[in-house]
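So the structure is just underneath, and the comments pick up after that.
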Amino acid sequence: MHSLKTLFLVPFFLFLFLIAGCVTLPKSESTGSAEQNKVSLSVAPILKFDDIPVPVGFRILDKESFAFQNDKSRVALLKYYGGQNAEQVLAFYKEQMAMSNWDIVNIIEYDRKVLNYENSDESCIITIQPEGGKSRVTIALSPKSRPIKAEKLSSKEYK
């Protein structure tokens, strides 16, 4: 009976020990905000698209995101959440998108920061929403729209 009990308890405790070794503790938030603002962000190692960077430490919000890609086009709405403030994230995208061959169209700053980029085929809108000392990033990627030509309607169609 004793050996049967040992046969079950030893693997159980070994399993608990291995699982506990995989747990990470949260970082201390005692660092001052002035010191945090000096830290520059780097690009995360795993990206949905190679030419659209995401800061390290930002996690994708899978239930709020989608991406589609085929031979001809890419479409995506990707949402991320991370522990850096909006100003740091804004500086990250200004630097990294240029390095990934995206041209800035404009930047709109109010409560949110909205960055509009283009390359030869696509448009990318990055919205940075501050949430306390953290940020929510939304990346909207689509094929570049073509100019809409106004169609001339005949006078018969107006009646």
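Only one of the numbered conditions (1) touching a Cys at 6+ places or on another chain (Cβ under 9 Å); (2) part of a strand (DSSP E or B) is violated by Ile52, and that is (2).
For the range 130-138, does any single residue satisfy the condition of being at pLDDT 75 or above and under 13 Å from Ile52 (Cβ atoms)? Yes. Arg112 falls short of the stated requirement of being of a type in the set (Lys, Arg), in contact with an Asp or Glu (Cβ under 9 Å, 6 or more places away or on another chain) and surrounded by fewer than 20 Cβ atoms within 10 Å (Cβ to Cβ). Among the residues of the range 86-126, write down those that are of a type in the set (Ser, Thr, Tyr) and over 23 Å from Lys72 (Cβ atoms). Correct list: Tyr93, Tyr110. Applying a threshold of 8 Å to beta carbon distances and a minimum spacing of six or more residues, or different chains, the list of pairs starting in the range 111-137 at a residue that is touching a residue at least 12 places away in the same chain (Cβ under 8 Å) and ending at one that is among the acidic types (Asp, Glu) and in a strand (DSSP E or B) reads Tyr117/Asp103; Glu118/Asp103; Asn119/Asp103; Cys124/Glu118. Is it true that some residue in the range 84-93 is surrounded by fewer than 13 Cβ atoms within 10 Å (Cβ to Cβ) and in contact with a helix residue (DSSP H, G or I) (Cβ under 9 Å, 6 or more places away or on another chain)? Checked the range 84-93: no residue is surrounded by fewer than 13 Cβ atoms within 10 Å (Cβ to Cβ) and in contact with a helix residue (DSSP H, G or I) (Cβ under 9 Å, 6 or more places away or on another chain). Residue count for the range 55-97 under the criterion of being assigned to a loop (DSSP other than H, G, I, E, B) and either more than 9 Å from the chain's Cα centre (by Cα) or of a type in the set (A, V, I, L, M) (or both): the result is 11.
The values are calculated or read from the model by the stated rules, or taken from the named source; none is laboratory data. The shown structure was predicted, so the numbers you read here are calculated from the model rather than taken from an experiment. Backbone-built Cβ (ideal geometry, glycine too); neighbour counts: all protein chains shown.
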